[in-house]
Amino acid sequence: MKTIFFFIALLTFPLTAAPVPLLKTAATVNGKMISTREVEQQLAPTISSLLAKYPRRGEKFQRAFAEARDEVLEELIEHKLVLSNLEERKLQIPEYIVKQDVERFVQINFDGNEQEFRKYLQSTRMTRREFERSQQEKILVQSFKREQFKDVAPATESEIVSRFKQRAADLRDQTEDKITFRKIYIPAINQENPVATQQEQLALAEKLAEEVRGGADFAATAETHSSGAFADKGGLWQDTLRSDLEVGFADIIFEASKGDIVGPLKDRIGFTIVKIVKISPGPTPALDTEMRERMRKEVEMEKRSVRYDEWIKMLKRTAIIRRNI
């Protein structure tokens with residue numbers, strides 16, 4: 001639930017970029033419309049992450065946003081092409097399967113809490129029925145991809161082992177990831193100086209980030225300026241489990257490397273600058289019977305994806321596609 005909640009919280013900040021106007025045409029595929037609202041809904045989590053990484057919403061934000069939007073639009077175009085093909089074959093997914101999928105989504109992301117799920121829908125401006133329809137389309141595309149391109153060469157032993165080596169780090173027990181870092185936290189509202197604006201607090205965080213990147217002692221800077229926990233210890237957080245951190249924040253700092261200075265990052269109540277001291281990844285799994293089967297499926301799925309991508313390219317060559325964003 002933390003991941004989705006982190007996204008929802010950040011969506012409360014207005015976007016100066018007005019990323020996607022509502023209820024207009026983002027693209028048409030053989031006359032079928034993709035609305036800007038559909039694009040916005042798919043973009044919501046990505047926008048939230050970008051807002052955290054780029055509080056100023058400047059050039060880097062705009063570039064990253066444009067790339068994410070284009071990627072989402074292309075995915076939606078592909079879905080429309082597949083769905084048009086499925087409509088001709090009159091293929092449908094039973095409603096009870098869709099409802100089971102939605103229930104599984106709520107259980108995984110919100111611990112089964114329907115109220116939190118409704119908050120998520122509200123934040124993405126999506127009705128439950130729209131969400132169900134979106135999930136139904138995803139299931140249809142996935143099922144089609146699995147069935148239409150199932151006739152691929154079986155995964156070999158070398159392919160299975162190679163895939164495991166590539167994926168071992170991703171397959172580790174991430175709940176056991178640990179990180180040691182120093183942190184400077186600047187609140188959006190300064191209790192000691194209530195007249196200071198949020199922009200002034202952001203400017204202070206940016207100034208401090210520039211100073212520590214320029215060689216200023218991070219620990220001393222934290223002791224002087226940070227309002228966060230352990231400020232008196234130079235902002236040092238030792239061997240902190242990934243699971244003890246806000247998920248969106250953890251995802252960003254665990255992507256960094258030892259010695260990197262990250263931020264300022266924006267959350268609901270302030271700005272954070274982090275210096276990575278040490279990252280200790282969780283244990284990787286063994287290549288046992290169960291893992292071999294999982295790697296076999298992944299290898300064969302990748303082979304199907306290659307054929308699927310070729311098929312999509314063929315459909316695009318003959319389709320009438322108009323992009324408006």
(request) Taking only the stretch 151-203 into account, find how many residues are more than 29 Å from the chain's Cα centre (by Cα) and part of a loop (DSSP other than H, G, I, E, B). (result) 14
(request) Select from the stretch 226-245 the residues that are in contact with a helix residue (DSSP H, G or I) (Cβ under 6 Å, 6 or more places away or on another chain), on the phi < 0 side of the Ramachandran plot and buried (at least 16 other Cβ atoms within 10 Å of the Cβ) and list them in ascending order. (result) ALA231, ARG242
(message) Which of the numbered conditions does ARG69 fail, given that it passes all the others? Conditions: (1) in contact with a Pro (Cβ under 9 Å, 6 or more places away or on another chain); (2) modelled with pLDDT under 90; (3) basic (Lys, Arg).
(response) (2)
(request) Working carefully through the options VAL212, VAL262, find the one that is part of a strand (DSSP E or B) and aliphatic (A, V, I, L, M). (result) VAL262
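Considering only the stretch 16-24, I want to know if a residue exists there that is modelled with pLDDT under 90, of a type in the set (A, V, I, L, M, F, W, C), buried (at least 16 other Cβ atoms within 10 Å of the Cβ) and in a loop (DSSP other than H, G, I, E, B). Step through it out loud before you land on a result.
Within the stretch 16-24, the first condition is being modelled with pLDDT under 90, and the residues that meet it are 16-24.
Applying the additional criterion that residues be of a type in the set (A, V, I, L, M, F, W, C) yields 17-18, 20, 22-23.
Those still in the list that are buried (at least 16 other Cβ atoms within 10 Å of the Cβ) too: 20.
Now restrict to residues that are in a loop (DSSP other than H, G, I, E, B): 20.
Yes: one or more hits.
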(request) Please specify each residue of the stretch 258-276 satisfying the condition of being surrounded by fewer than 16 Cβ atoms within 10 Å (Cβ to Cβ) and either outside the structural domain of GLY215 (by TED's automatic domain parsing) or of a type outside the set (Gly, Ala, Ser) (or both). (result) LYS258, ASP260, ARG268, ILE269
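The values are calculated or read from the model by the stated rules, or taken from the named source; none is laboratory data. From a predicted model like this one, the values you see are computed outputs, not experimental measurements. Methodologically, a virtual Cβ is constructed for each residue, glycine included, from the backbone with ideal geometry; neighbour enumeration extends over all protein chains shown.
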